[in-house]
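Data first, discussion second: the structure below is written as structure tokens.
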Amino acid sequence: MRNDTPSAAVSFNGGRVTSVASAHESAVTDLTDPHARSLNVAVLGMGYVGLPTALALAGAGHAVLGLDVSEQRLADIRDCRVDLVPADLVRLRQAIAQPTFLLSADTTLLSAADVVIVCVPTPIDTYLMPDLSPLAAACRTVVGRARPGQTIVLTSTTYVGTTRDLLVKPLSERGLDVGTDVHVAFSPERIDPGNTKHTQASVPRVVGGVTQRCARRAGALLAGIAANIHVVSSAEAAEMTKLVENTFRAVNIALANEFAEVGRVLGLEVMEVIHAAATKPYGFTPFFPGPGVGGHCIPCDPHYLLWQLRRDRVRTPVVEQAMAAIAQRPLRVVDRVREVLSDNGLPLRGARVLVVGVTYKPGVEDVRESPAIEILSRLRDAGCEADFWDELAPALRLNDGSILKSLSDPVAPDYDLILVHTLHPGTSYDRIAECPTVLDATYRLTNVDHRMVV
Ligand SMILES: NC(=O)c1ccc[n+]([C@@H]2O[C@H](COP(=O)([O-])OP(=O)(O)OC[C@H]3O[C@@H](n4cnc5c(N)ncnc54)[C@H](O)[C@@H]3O)[C@@H](O)[C@H]2O)c1
């Protein structure tokens, strides 16, 4: 370990410290780093996070190598057949026309990189256990190709200590001294795919280095693509920052779902009440109920924390309860479908149900961990004739591996019940009103007076 381990948390913007988190470091220090000039940057993992990151880095003037194990993904990127906000699609078309933007599956090219950014998936398995295999494989590749002078930035959400376990230790075993020969940092990604309001460039970025110099190297690069950089005292602090952010969301979403149940029992519109509470200008952050959570963050990330704490026999009952409630939420939705049909004198078996929208949130094509998968699987397992309609998701893989295709033009009155799961901006949902029984799991459906909520 080098002696430049940081002792205080600092923020800098465009290379200058703008705020200081510790009282004893109050001077504004110039952190401009020559390594933030035009560099060869490799991005490992060109998915929902890696691709926009690579485009931002290219836009900041760096030569970018986008690496992915999936040739299909690389082909889709080359053909611009990818789920990006319109501004990023424009940037992609510009980038792929440049000789300084290279897409490849050849990891031998890594040794030419000045900076390597790791953005590979960190999913959970069917037992809700972290699946570290993609990240471990990616880190093995990076360590194997690392050379003196390189800076390596891990951005995948993961357990506290990953940067040290999967990068620092194996780099040291290879004889590379972290902080001198190579620089290693963790910087959690905060991108919100499909969000045009809070873009990657407009959101501050947290960076924690293994040493202070590591943090400066990583921060200097990332300052070119983020609103500003907040440096924390260690890679571990940065790793935990991401877990705090997403656990906070998970717990609050579980609470919002619970209040939805309270509102139903007490005969109150939960959305009206939450919006009213949100008029309080301090001490309250609104979260809203829904059919469950999906995507690659909220259903997964807190399980990395719970998993690692089990090793130390530490309990976090609030988080555990929230994650259990989140995992069960789609089952509650299925129960409500059964209850509402039963009130209409119909059993679930044989009933015709249309699920409207299956992506995990509005405006994206991403169906990973979408509650709709569990809901549709359970409905069909129970003998229900369940279809779905989603203009952004042509097909959905159910729990049993079967592929269910989206209907292109469903006829609403043909269904015993329509379950509203996701509402995309720009899509007309007028037809829903033609079905006599509408169950709204989004709590946001308007213009359907007879709709009930989950
Ligand atoms: N998607 C989000 O909204 C979001 C937001 C913030 C943070 N994150 C985190 O960012 C990380 C990446 O998430 P994502 O949504 O971009 O995942 P993704 O599945 O969209 O993309 C990951 C890409 O990495 C590739 N890959 C897998 N193993 C690889 C390897 N060994 N070498 C090279 N490429 C490899 C995959 O083929 C895939 O294209 C995760 O840790 C996630 O938790 C995601």
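The values are calculated or read from the model by the stated rules, or taken from the named source; none is laboratory data. The structure displayed is predicted, hence computed values, not measured ones. Cβ: placed from backbone, ideal geometry, glycine included. Neighbour counts: every protein chain shown. When the accessible area is computed, the model is the full protein with side chains, heavy atoms only, and any ligands, DNA or RNA have been set aside. Shrake-Rupley method; radii C 1.70, N 1.55, O 1.52, S 1.80 Å.
Of all residues in region 46-88, those satisfying the criterion of being aliphatic (A, V, I, L, M), within 16 Å of the ligand (Cβ to nearest atom) and part of a helix (DSSP H, G or I) are Leu51, Ala54, Leu55, Ala56, Leu57, Leu74, Ala75, Ile77. Taking each residue of region 88-113 that is outside the structural domain of Asp192 (by TED's automatic domain parsing) and surrounded by fewer than 13 Cβ atoms within 10 Å (Cβ to Cβ) and looking for partners that are modelled with pLDDT under 95 and assigned to a helix (DSSP H, G or I) with beta-carbon atoms closer than 6 Å, six or more apart or interchain, yields nothing. Put simply, of Leu407, Leu379 the only residue that is open to solvent by 40 Å² or more (accessible area, probe 1.4 Å), within 28 Å of the chain's Cα centre (by Cα), more than 17 Å from Val364 (Cβ to Cβ) and modelled with pLDDT of 95 or more is Leu407.
Could you please let me know if Val43 is open to solvent by less than 10 Å² (accessible area, probe 1.4 Å), more than 14 Å from the ligand (Cβ to nearest atom) and under 21 Å from Gly224 (Cα atoms)? For Val43, the condition - open to solvent by less than 10 Å² (accessible area, probe 1.4 Å), more than 14 Å from the ligand (Cβ to nearest atom) and under 21 Å from Gly224 (Cα atoms) - is not met. For Ala146, the criteria (1) away from the ligand (no atom under 11 Å from the Cβ); (2) open to solvent by less than 20 Å² (accessible area, probe 1.4 Å); (3) farther than 23 Å from Val64 by Cβ hold in every case but one, which is (3). Could you tell me whether any residue of region 211-230 is under 24 Å from Gly144 (Cβ atoms) and either open to solvent by 50 Å² or more (accessible area, probe 1.4 Å) or free of Cβ contacts under 8 Å to residues at least 60 places away in the same chain (or both)? Yes, because at least one residue in region 211-230 is under 24 Å from Gly144 (Cβ atoms) and either open to solvent by 50 Å² or more (accessible area, probe 1.4 Å) or free of Cβ contacts under 8 Å to residues at least 60 places away in the same chain (or both). Quick check: is even one residue across region 300-322 crowded, with 17+ Cβ neighbours inside 10 Å and closer than 23 Å to Asp381 by Cα? The answer is no, given that none of the residues of region 300-322 is crowded, with 17+ Cβ neighbours inside 10 Å and closer than 23 Å to Asp381 by Cα. Could you list all residues from region 336-357 that are closer than 27 Å to Ser408 by Cα, in a helix (DSSP H, G or I) and open to solvent by 40 Å² or more (accessible area, probe 1.4 Å)? Matches in region 336-357: Arg338 only.
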